[in-house]
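Colleague: I am attaching a structure below and will ask some questions about it afterwards.
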Amino acid sequence: MKIGIVCYPTFGGSGVVATELGMALADNGHEVHFITYHLPVRLDFISHNLHFHEVMLEEYPLFQYQPYELALSTRMVEVVERYQLEILHVHYAIPHAYAAYMAKQMLKEKGIDIKVVTTLHGTDITLVGSHPTYKTAVEFSINNSDVVTTVSKSLKEDTLRLFTITNDIQVIHNFIDENKFVKAHEKECQRIALAQPEERILTHISNFRPVKRINDVIRTFALVRKEIPSKLLMVGEGPDRRNAELLVKKMGVKDDVLFLGNSTEVNELLCYTDVFLLPSETESFGFAALEAMAAEAAVISTNTGGLPEVNIHGVTGFLSNIGDVEDMAANTLKILKDDTTLNEFKQRAKAHTQQFSLKNILPVYEEIYESLKEKVS
Ligand code: GMT
């Protein structure tokens, strides 16, 4: 099929998931067109089935804010017409579902019936989407999509609780392409480059926004390091990085915390990891934790949102209440107490990712696209 994918092209989870989906669809023979404001960071042009269409913005002195939705819907119309796309799959409701609705109406005028699939990812519903500034438009665009999916059961419940939804919502969990993690593991993992043989490695990956509570990562690590020699890898960039660096100094753990910036090679960085820390305030799914588990890391997370669907308490890691760094540190120490226990957690984490395997999830999206062929809007 010919599918347009609209997403944020950044390091955030929704953009990464959308890009991985597009690449997997292209590998499976579909023609995939990314429509976004720059090349998605995870996109590698390995297939002639992958295309990229940049959304360009025009400066004009009157605009305090450039009207991105207008430019995006115009670009969607152009690409759908030119490449005869059958589906527009938009990831993250704001403003993508709204722009897709407008594109659909414009195409209808031209006699083209484009089908819109909207995947809700998390903050487009919880932190941002339900805010009165956006709520009416978000609700409208969810109710007027041809198909709506959420990345967890928890996010579906949040959507139904926060909005008046008249459309069906299908839960399709995020997925991972295990092959990418197998390949990373086959390469020799040069742990010694980052830590001494007796040290454990803890990792956190995010966009360092307040919702990720990265100070809790550092506080948890500081408690763990008192008991066990260890290093903390902080992967990502964002507004809370500076404060986190100050906290690391204040807590006297500066020499054992490495801030590595953004990375497109997370599977290779994760091969070093024993325990992945995700103490978020809210998390619709926790894709970063799933990637860590695929790389054989145990997970210490909060028990919020969709995290309990990914991280199973006492099996793949542990869940704690938001902000309870003592509990997170105590649980980390339970995992790290000896090699046997650590390896058991790692193996169970890896095994649990099988239910989020690309080979199971990709056909679900393909079935949705196929089913829409028959539907008349
Ligand atoms: O929270 C982020 O890191 C970014 C955000 C996004 O939309 O890019 O992530 C959301 O979507 C991810 C992919 O579906 C989920 O794994 C994250 O849990 C979700 N973030 C939140 O709900 C805070």
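The values are calculated or read from the model by the stated rules, or taken from the named source; none is laboratory data. Since the model is a prediction, treat every value here as computed from it, not as a measurement. Cβ atoms come from the backbone with ideal geometry, glycine included; neighbour counts cover every protein chain shown. In case anyone asks, the SASA skips ligands and DNA or RNA and just uses the protein heavy atoms, side chains included. Shrake-Rupley method; radii C 1.70, N 1.55, O 1.52, S 1.80 Å.
Colleague: Please pick out the residue among LEU162, LEU127 that is under 22 Å from PHE11 (Cβ atoms) and within 16 Å of the ligand (Cβ to nearest atom). First the steps, then the outcome.
Modeller: Numbers: LEU162 fails: under 22 Å from PHE11 (Cβ atoms).
Checking each option against the conditions leaves just LEU127.
Colleague: Cβ contacts < 9 Å: first residue farther than 19 Å from ASP256 by Cβ and more than 10 Å from the ligand (Cβ to nearest atom), restricted to segment 205-219; second residue open to solvent by less than 40 Å² (accessible area, probe 1.4 Å) and at pLDDT below 95, any location; separation 6+ or different chain. Result?
Modeller: none
Colleague: Something else now. Answer yes or no: is there a residue in segment 120-135 that is open to solvent by less than 10 Å² (accessible area, probe 1.4 Å) and more than 20 Å from GLU281 (Cβ to Cβ).
Modeller: Initial filter on segment 120-135 (open to solvent by less than 10 Å² (accessible area, probe 1.4 Å)): 120, 122, 124-125, 129.
Within this subset, residues satisfying the condition of being more than 20 Å from GLU281 (Cβ to Cβ) are none.
The answer is no; no qualifying residue exists.
Here is a yes/no grid of residues against (1) outside the structural domain of ASN262 (by TED's automatic domain parsing); (2) out of contact with any Asp or Glu (no Cβ under 9 Å at 6 or more places or on another chain):
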{"position": "THR159", "(1), (2)": "yes, yes"}
{"position": "ASP168", "(1), (2)": "yes, yes"}
{"position": "VAL182", "(1), (2)": "no, yes"}
{"position": "CYS189", "(1), (2)": "no, no"}
{"position": "GLU198", "(1), (2)": "no, yes"}
{"position": "ILE205", "(1), (2)": "no, no"}
{"position": "PHE208", "(1), (2)": "no, no"}
{"position": "ARG241", "(1), (2)": "no, yes"}
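Colleague: For ALA288, which of the numbered conditions (1) in contact with a Cys (Cβ under 7 Å, 6 or more places away or on another chain); (2) buried (at least 24 other Cβ atoms within 10 Å of the Cβ); (3) not hydroxyl-bearing (Ser, Thr, Tyr) fails to hold?
Modeller: (1)
Colleague: Can you tell which of LEU342, LEU319 is over 30 Å from ASP27 (Cα atoms) and open to solvent by less than 10 Å² (accessible area, probe 1.4 Å)?
Modeller: After ruling out the rest, the residue left standing is LEU342.
Colleague: Sticking with this one: Give segment 130-155 a look and list any residue that's within 16 Å of the ligand (Cβ to nearest atom), assigned to a helix (DSSP H, G or I) and among the hydrophobic types (A, V, I, L, M, F, W, C), or say none.
Modeller: Result: VAL138, ILE142, LEU155.
Colleague: While we're looking at this one, here's another question. What number of residues in segment 92-112 are open to solvent by 30 Å² or more (accessible area, probe 1.4 Å) and over 29 Å from the mean Cα position of the chain (by Cα)?
Modeller: 7
Colleague: Mind checking which residues of segment 298-316 are open to solvent by less than 30 Å² (accessible area, probe 1.4 Å) and either of a type in the set (Val, Ile, Thr) or within 16 Å of the ligand (Cβ to nearest atom) (or both)? Lay out the reasoning, then the answer.
Modeller: Start the filter on segment 298-316 by keeping residues that are open to solvent by less than 30 Å² (accessible area, probe 1.4 Å), which leaves 298-302, 304, 306-307, 310-311, 316.
Of everything in segment 298-316, those that are open to solvent by less than 30 Å² (accessible area, probe 1.4 Å) and either of a type in the set (Val, Ile, Thr) or within 16 Å of the ligand (Cβ to nearest atom) (or both) turn out to be VAL299, ILE300, SER301, THR302, THR304, GLY306, LEU307, VAL310, ASN311, THR316.
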